[in-house]
1. Going by the structure shown, is SER200 loosely packed, with under 15 Cβ neighbours inside 10 Å, small (Gly, Ala, Ser) and assigned by TED's automatic domain parsing to the domain that holds ILE309?
2. Of everything in region 311-360, what is in contact with a Gly (Cβ under 9 Å, 6 or more places away or on another chain), of a type in the set (D, E, K, R) and closer than 17 Å to PRO193 by Cα? Give them in sequence order.
3. Against the definition (under 22 Å from ALA12 (Cβ atoms) and assigned to a helix (DSSP H, G or I)), how does ALA260 come out, yes or no?
4. For region 221-230, state whether one or more residues are out of contact with any Pro (no Cβ under 7 Å at 6 or more places or on another chain), more than 30 Å from TRP318 (Cα to Cα) and acidic (Asp, Glu).
5. Do we have any residue at all in region 151-163 that's touching a Pro at 6+ places or on another chain (Cβ under 9 Å), within 22 Å of GLN19 (Cα to Cα), of a type in the set (Phe, Trp, Tyr) and crowded, with 20+ Cβ neighbours inside 10 Å?
6. Based on this model, can you work out whether ASN216 counts as surrounded by 13 or more Cβ atoms within 10 Å (Cβ to Cβ), free of Cβ contacts under 8 Å to residues at least 60 places away in the same chain, outside any helix (DSSP H, G or I) and out of contact with any Asp or Glu (no Cβ under 8 Å at 6 or more places or on another chain)?
7. Give me the pairs, please: first residue somewhere in region 98-113 and outside the structural domain of TYR145 (by TED's automatic domain parsing), second residue anywhere and surrounded by fewer than 23 Cβ atoms within 10 Å (Cβ to Cβ) and assigned to a loop (DSSP other than H, G, I, E, B), beta-carbon distance under 7 Å, and either six or more positions apart or on two chains.
8. Taking only region 280-322 into account, find how many residues are more than 17 Å from ARG360 (Cβ to Cβ), in a loop (DSSP other than H, G, I, E, B), within 18 Å of the chain's Cα centre (by Cα) and not aliphatic (A, V, I, L, M).
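The values are calculated or read from the model by the stated rules, or taken from the named source; none is laboratory data. Bear in mind that the values here come from a model prediction, so they are computed numbers and not experimental data. Methodologically, a virtual Cβ is constructed for each residue, glycine included, from the backbone with ideal geometry; neighbour enumeration extends over all protein chains shown.
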Amino acid sequence: MRIMWVGDAFWATSGYSGQGRYIMPMLEADGHTIGHFPFKNFGGGKIKLGNITVFPPMNDMWGYDCLGAYNTNFRTDLTIAFLDAWVLPRDYREMIGTRFGCYFPIDHEPVCKMITDNIPQMDYVMQYSKFGHKQLIDRGVDSIYIPHCLPTKVYSKRDRIESRKMLKLPQDAYVVGMVAANLPGFPIRKAFPENITAFSQFVSNHKDAILYLHTNLFSRNGLPATNFEDLGRMLNISPNKIFIADQERILSGYSDEQMASVYSAMDVLLASSMGEGFGLPIVEAQACGVPVISTNCSAMPEVTCNGIITEPIKQPAWIWLATWHRTPDIQNVQNALDDIYDWTENERKSNSEKGVEFVRSNYDIDFVYNSYWRPFMNMVQNDIDCGMVRAKLNRKTIDRRSNFI
């Protein structure tokens, strides 16, 4: 087939770009012809990267003014849009002029109306968490589960001494790490204030602890993001206890090999957010043998094996998508930090081995491609051969459910 992959540029630094970087070459190796429409991180003219044709956006970042023409020129059989479903116009499928698979996150509950309003135009509703998949299946939507993946041969435990040298972290410290984008908005989905407050309480009893923030200091779109200096000062955290990633390297990007070293420098990953569509850092850290602290909501429980899943506060947080996130409980996060700190060497080793095997068995790139992506492509090809259009089936399903939200 001829496939147009719409999403973050595969050479960029986001989790979205990484999945495109992994999957597109494997699709190509299976005989498909790949086009790529990166709606950001790229401009100018059409270029070729290897055998992949890259088409530039024009004025509308989602391609409303050009993607249909690109698909006509490229003779696209299937467009896969790897992005938040709520951003798309309601006539997106008509505009692009091809079969349409949307591979999107659900990090809240219940699934918001801004997403469900867009589902009728999708031929293939694609979910990368069991959490999102179940929400849609329970509402009568023919959802297809294809989890995220990572190259576990690359994401593996690295030498701790060399890893800490790379990040300029003290060798004798207990390193609590966070790997998360510092984006504008409120409430803050990555829960930097709650997690860092838990660390401030933890470090008062564990003087060897430091916090490493692998994130951007400033939002790329000019809007205000979390100010870590002000937050640390308010929480009375000594400046020598917080280390922030080199900003030039954050902007230019860390390779997968370097990210494996980033995780290997940590004693624990602090990833108790308000909601995750998947939670790639949680899986990446465990692949490197590092325990994680997550929240009992959205996709996080299904991807957490080595670590502690903390209970959020009882009151959910209303967000602008007109649905709910869950706020981490600061005391529960601190307790989890204390508990993992007190693990014996045998407990840490056993849990590490379980986490590594869990990731390799469920999210390794070869396993995910062979078990999920290849069967999905075979199904699409069969639909093309039979002339089947699934978007009409989804529309009928949704229209007869008056309580579909």
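1. No.
2. Scanning region 311-360 gives a single hit, ARG326.
3. yes
4. No, there is no match, as no residue in region 221-230 is out of contact with any Pro (no Cβ under 7 Å at 6 or more places or on another chain), more than 30 Å from TRP318 (Cα to Cα) and acidic (Asp, Glu).
5. No: zero hits.
6. yes
7. Partner pairs satisfying both residue conditions: none exist.
8. 3
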